[in-house]
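Only one structure is covered here, and it is reproduced in the block below.
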Amino acid sequence: MQEQIAAIWRIEAARLVGAVARVVRDIGLAEDLAQDALVQALERWPRDGLPEQPAAWLMTVAKRRAIDHLRAQALHAGKREELARELATLGLDHEADFAPALLDARERIDDDQLRLIFTACHPVLGPEARAALALKVLAGLSTTEIARAFLAQESTIAQRIVRAKRTLAAAGVGFEQPLAAERQARLASVLEVVYLIFNEGHAATDGPDWLRPALCDEALRLARQLAALMPDESEVLGLLALLELTAARLPARRDAKGRPVLLLEQDRTRWDRLLIHRGLETLERVHEPGAYGLQARIAACHARAVRAEDTDWLRIVALYDALAQIAPSPVVALNQAIAISMVRDQPGYGPAAALDLLDGLAQEKTLRAYPWLHGARADVLERLGRFTDARQACEAALALTRNAADRELLAARVERLDAYLASASAAASDNIFCINAKKRS
Amino acid sequence: MRFMIIVHATARSEAGIMPGPDDGLMAEMAAYHEELVKAGVLLDANGLKPSSTGWRIRYQDGQRTIIDGPFAESKELIAGYTMIQVRSREEAMEWARRFPAPFGKQGDGGMIEVRQLFEEEDFAPQPGREEFKQIRAELQAQKAAQG
C-alpha cells in the first residue's frame, strides 16, 4: 500500500502543488500543504482501503488544507470578508466544487502546471537549487530519492530545497506565468534545469558512477511534460528531441564489463529504436531550431547513421557552424574540430586541419583544463601517425580526468599507444638492421 | 521501466466494428492518453486491425508455414497496445487502473493485460556493474563520513 500511495503521489504531486499554489500563491507553502494530503492518505488508505478516485481525494484534501490556511490567516488579520470575496473569485466558495476539480477545467490545470514550472525554475535560484526543487515539486520525488540520485547527503538536499523556497518567497516571486517580454529568458531557465538533470545522469563528472539512468529518465519525463504543455515552443521540442536521441544511445554506452564505449565504437544495434523514432519525430516539428534544436539535429545525424562510417560529418560541421552563431563556446568549437577531423577527402577537412584548430583551442584558458580537448588531440595525432605526441596528449587528458571509468578508458589508450610505439621502434630497428645488412653485402 | 498495456481483442473488434462517435469511448480513450502524455509517461500507443488482415508464420524443424488470418479464439488476440515508461511497478499499476474499459461500460468491456518490457539490466550479468555498485557504496559511505 505504501508503495502504491507513493506512486499515486508521484503522478499527482505537480497537479496538487499547482492547484494549492494558485490559492496560497507560494509554492513552498503549497508544497507543504499538499504534503499534508499525502500524510493523511498514508494514515487513512491503509486502514480504509484505496478510495475509488485517489487523485480526486488527494486534491480535495489538499485544497481544504489550503483554504484552512487562508482562513486562519484572514482570521488572524481580521480580514474575513476579503477572504470570502477572494475565494469566490477563485471558484472555491463551495466545498462541493473540489471533487470534480480533476476532471473539469483541464485548461486551468495546464495553466497551474506552467505556473509551477516557471516558478520552480525561476532564475533567482541557482541551477542546482532549481534542479532539486523541480524534482521535488514537478517530478514528485522525495528528498531521499533526490539525494540518492545526486549522490548527495539527504540533509544537503533538504537544506537546498528549504533555501530555494525561502529565496523565492524573499524575492517576491509570484505564482504566475511570465509576461511575454520575459518569457523566452524564463523558458531558457526552465530548459537549462532539465538539461542539467539529464547531463548529471548522462555524464556524471565525478567518481565511479558515471551513468545514472534514473536522472536521465526523470529529465526525459520532465521534457516530455514540457512538450505536452508547450507544444508550440520550438526550443522545448528541440530539447525533448535532443534528450530522446541521446537517451536512445544509453544502452550502448558501456560494454559487457561496464566500461564506457565511445560514440563511434558503439554497437548501434543496441540503440533504442523507439526513442530514436520519437526523437526524429519530435525534431520534425522544430522549424526554427535554437541551441537545443541544433544539437538535436546533430544527434539525429548520428542516429540516422546505421554504421559509424555512414555519419554525415559535413552536415554536422555545418550544424556546429549554426550553433556557434547563436551559442558560441569553446566546447562547440572543440566538437566542430572533431567533426572536421572525421570528414574524408575534402580540402580543408580531415585530421591535419582539425589538429590546427585544436592547437588553437588549446591556447584558450577555458579549455586548457578540459580533458576532452586533450583526448581529441590524442585521437587526431594518432590518426596522423604521431604516436609519441598522441601518447603525451593522452597523458594530459588522464591527468585532468577524475571520472573513474573515463580514466580507465584513457589508461587503456595509453597502453595501446605504448604497444604501437614498441612495435614501431622494433620495426625501425629491423630497418636499421636491414640497411646495415645491405651495406655489408 | 517500461510496461505495455495490451488490449485483448473481442468478437466485435475482430469483426472490425469500430466504437461509434456517440458512445464516448473514443473521447475517453483520447482523454486517458492525453493524461499519459501530460504526465510524460506515454511512449507509444496503437490500435491493431482485426486478425483477418494479418498472418502467422509457424516454425517447425526449420520449416516455415504461413497461415493467413483471421484466427479463432479472439480473446487470445491483441487489439491494441499502450506503452508507458514509469518509475515503478506500482506506478504502472496505477496508470493501468485508470485505463478506460476498452470496449465500453456495457456488458463485456474487454480485458487488458500489463506486461513489463525487458530492460538493459535484464541481460547478461555485467561484472563491472557489481564492482561499480561496490565502489559507489564506498563513495557514499565516505561522503556520509565527511558530511
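The values are calculated or read from the model by the stated rules, or taken from the named source; none is laboratory data. Because the structure is predicted, anything quoted here is derived from the model rather than measured. Don't worry about glycine lacking a Cβ; one is built from the backbone with ideal geometry, like all the others, and counts go over all protein chains shown.
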Residue, farthest from the other protein chains (Cβ to nearest Cβ), within the range A:29-39, restricted to residues that are surrounded by fewer than 20 Cβ atoms within 10 Å (Cβ to Cβ) and touching a residue at least 24 places away in the same chain (Cβ under 8 Å): A:Leu29
Long-range neighbours under 6 Å by Cβ, at least six apart or interchain, first residue within 8 Å of chain B (Cβ to nearest Cβ) within the range A:245-257, second acidic (Asp, Glu) and assigned to a helix (DSSP H, G or I): A:Pro251/B:Glu120
If you scan the range A:134-168, which residues turn out to be of a type outside the set (Lys, Arg), farther than 22 Å from A:His122 by Cβ and assigned to a helix (DSSP H, G or I)? A:Thr144, A:Glu145, A:Ala147, A:Glu154, A:Ser155
In contact with a Leu (Cβ under 8 Å, 6 or more places away or on another chain), buried (at least 17 other Cβ atoms within 10 Å of the Cβ), more than 14 Å from chain B (Cβ to nearest Cβ) and modelled with pLDDT of 95 or more - does that describe any residue in the range A:269-276? no
Listed residues A:Ala411, A:Ala404, A:Ala399, A:Ala424; which is within 14 Å of chain B (Cβ to nearest Cβ), farther than 21 Å from A:Ala354 by Cβ and either at pLDDT 90 or above or in contact with a helix residue (DSSP H, G or I) (Cβ under 9 Å, 6 or more places away or on another chain) (or both)? A:Ala404
For the range A:191-225, give me the residue count where each residue is modelled with pLDDT of 90 or more and hydroxyl-bearing (Ser, Thr, Tyr). 1
Six or more apart or on different chains, Cβ atoms under 7 Å: show the pairs whose first residue is in the range A:149-162 and over 15 Å from A:Glu200 (Cα atoms) and whose second is charged (D, E, K, R) and surrounded by fewer than 16 Cβ atoms within 10 Å (Cβ to Cβ). A:Gln153/B:Lys143
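Answer yes or no as to whether A:Pro260 is within 12 Å of chain B (Cβ to nearest Cβ) and either closer than 19 Å to B:Leu43 by Cβ or small (Gly, Ala, Ser) (or both). Give the steps one after another, and end with the answer.
Values: within 12 Å of chain B (Cβ to nearest Cβ): yes; either closer than 19 Å to B:Leu43 by Cβ or small (Gly, Ala, Ser) (or both): no.
It is false that A:Pro260 is within 12 Å of chain B (Cβ to nearest Cβ) and either closer than 19 Å to B:Leu43 by Cβ or small (Gly, Ala, Ser) (or both).
Given the condition closer than 25 Å to B:Gln85 by Cβ and either among the hydrophobic types (A, V, I, L, M, F, W, C) or in a helix (DSSP H, G or I) (or both), answer yes or no: does some residue in the range A:63-71 qualify? Even if it seems obvious, please write down each step before you answer.
Of all residues in the range A:63-71, those closer than 25 Å to B:Gln85 by Cβ come to none.
Looking for residues that are closer than 25 Å to B:Gln85 by Cβ and either among the hydrophobic types (A, V, I, L, M, F, W, C) or in a helix (DSSP H, G or I) (or both), one finds none in the range A:63-71, hence no.
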When the residues of the range A:218-240 are filtered to those that are within 8 Å of chain B (Cβ to nearest Cβ) and of a type in the set (Gly, Ala, Ser), which remaining residue is surrounded by the fewest Cβ atoms within 10 Å (Cβ to Cβ)? A:Ala228
Inside the range B:42-88, the number of residues satisfying the requirement of being modelled with pLDDT under 95 and among the aromatic types (Phe, Trp, Tyr) is 1
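Of the residues B:Ala11, B:Ala72, which is among the aliphatic types (A, V, I, L, M) and touching a helix residue (DSSP H, G or I) at 6+ places or on another chain (Cβ under 6 Å)? Write out each step before concluding.
Values: B:Ala72 fails: touching a helix residue (DSSP H, G or I) at 6+ places or on another chain (Cβ under 6 Å).
Going through B:Ala11, B:Ala72 in turn, the sole match is B:Ala11.
Mind telling me which of the residues A:Gln346, A:Gln336, A:Gln325 ends up being buried (at least 20 other Cβ atoms within 10 Å of the Cβ) and polar (S, T, N, Q)? Please lay out each step first, then the result.
On the way: A:Gln346 fails: buried (at least 20 other Cβ atoms within 10 Å of the Cβ); A:Gln325 fails: buried (at least 20 other Cβ atoms within 10 Å of the Cβ).
The conditions single out A:Gln336.
Can you pull out the helices (runs of 4 or more DSSP H) entirely within the range B:1-115 that have at least 1 residues that are within 13 Å of chain A (Cβ to nearest Cβ)?
In the range B:1-115, B:25-38, B:89-97 are the helices (runs of 4 or more DSSP H) which contain 1 or more residues that are within 13 Å of chain A (Cβ to nearest Cβ).
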Restricting the range A:6-28 to residues that are under 22 Å from A:Ala74 (Cα atoms) and surrounded by 24 or more Cβ atoms within 10 Å (Cβ to Cβ), which is nearest to the other protein chains (Cβ to nearest Cβ)? A:Gly18
Determine whether the range A:279-299 contains at least one residue that is part of a helix (DSSP H, G or I), within 13 Å of chain B (Cβ to nearest Cβ), of a type outside the set (A, V, I, L, M) and touching a Leu at 6+ places or on another chain (Cβ under 8 Å). yes
Filtering the range A:142-187 for residues that are of a type in the set (A, V, I, L, M) and crowded, with 16+ Cβ neighbours inside 10 Å leaves a count of 12
